[in-house]
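The values are calculated or read from the model by the stated rules, or taken from the named source; none is laboratory data. Since the model is a prediction, treat every value here as computed from it, not as a measurement. Cβ atoms come from the backbone with ideal geometry, glycine included; neighbour counts cover every protein chain shown.
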Amino acid sequence: MWKDQVKALLNEVLEENPNLFLIDLSISAGNSIKVVIDGDNGVTLEDCMMVSRAIEHNLDREETDFSLEVTSAGATEPLTIPRQYTKNIGRKMEVKTSESKYAGTLQSTSADTITLEWKAREPKPIGKGKVTVVKNQTIPFSEIIKANVVLKF
């Protein structure tokens with residue numbers, strides 16, 4: 001019952017802010033609530049505070065004591081849902097499937113796939129030496145084991 005109330009409050013605030021979406025909600029046995037959100041345009045501190053207030057101000061601590069943590073999906077965390085890929089188009093990514101590992105720039109996403117592009121050095125078709133070629137790989141979401149954005153510092 002109480003967990004359903006938390007989920008309902010969370011869904012309500014996310015519906016009011018359609019650029020935000022849920023990555024993870026966990027509620028431990030000690031009523032410790034952890035919410036991880038992401039956004040089509042990133043997540044600000046104000047977004048986290050707004051979600052926190054929407055939940056906290058509508059629950060009665062006298063009825064059920066709880067702790068609440070609202071965070072954004074970390075920049076180094078693997079992408080877990082297809083919606084996260086769209087905001088990362090144009091960024092370098094590392095994607096692991098059961099068959100292979102790819103590193104390239106995310107070119108596009110569709111309902112079921114992502115497309116990565118990278119440059120590779122290959123032997124010339126005729127003669128000696130190598131030539132730089134552009135490679136593309138379309139990967140279904142269903143085959144992705146792990147995908148991370150590669151950060152440059």
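The figures follow:
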| read-out | value |
| --- | --- |
| Residue that is of a type outside the set (A, V, I, L, M, F, W, C) and under 30 Å from Leu14 (Cα atoms), where the choices are Thr138, Thr86, Thr97, Thr132 | Thr86 |
| Residue ranges of strands (runs of 3 or more DSSP E) in segment 75-150 with at least 1 members touching a helix residue (DSSP H, G or I) at 6+ places or on another chain (Cβ under 7 Å) | 92-97, 101-109, 113-123 |
| Test: residue in segment 120-139 that is modelled with pLDDT of 90 or more, closer than 18 Å to Ile81 by Cβ and surrounded by 11 or more Cβ atoms within 10 Å (Cβ to Cβ) | yes |
| Qualifying residue in segment 105-116 (condition: among the small types (Gly, Ala, Ser), in contact with a Lys or Arg (Cβ under 8 Å, 6 or more places away or on another chain) and either under 24 Å from Pro18 (Cβ atoms) or surrounded by 11 or more Cβ atoms within 10 Å (Cβ to Cβ) (or both)) | no |
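A quick yes/no check of all residues on (1) assigned to a loop (DSSP other than H, G, I, E, B); (2) among the aliphatic types (A, V, I, L, M); (3) more than 23 Å from the chain's Cα centre (by Cα); (4) modelled with pLDDT under 95:
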| site | (1), (2), (3), (4) |
| --- | --- |
| Ala29 | yes, yes, yes, yes |
| Val36 | no, yes, no, no |
| Ser52 | no, no, no, no |
| Asn58 | yes, no, yes, yes |
| Glu62 | yes, no, yes, yes |
| Asp65 | yes, no, yes, yes |
| Glu69 | no, no, no, no |
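For (1) among the charged types (D, E, K, R); (2) in the same structural domain as Ile27 (by TED's automatic domain parsing); (3) closer than 27 Å to Val134 by Cβ, each residue gets a yes or a no:
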| position | (1), (2), (3) |
| --- | --- |
| Ile55 | no, yes, no |
| Asp65 | yes, yes, no |
| Glu77 | yes, no, no |
| Arg91 | yes, no, yes |
| Lys96 | yes, no, yes |
| Gln107 | no, no, yes |
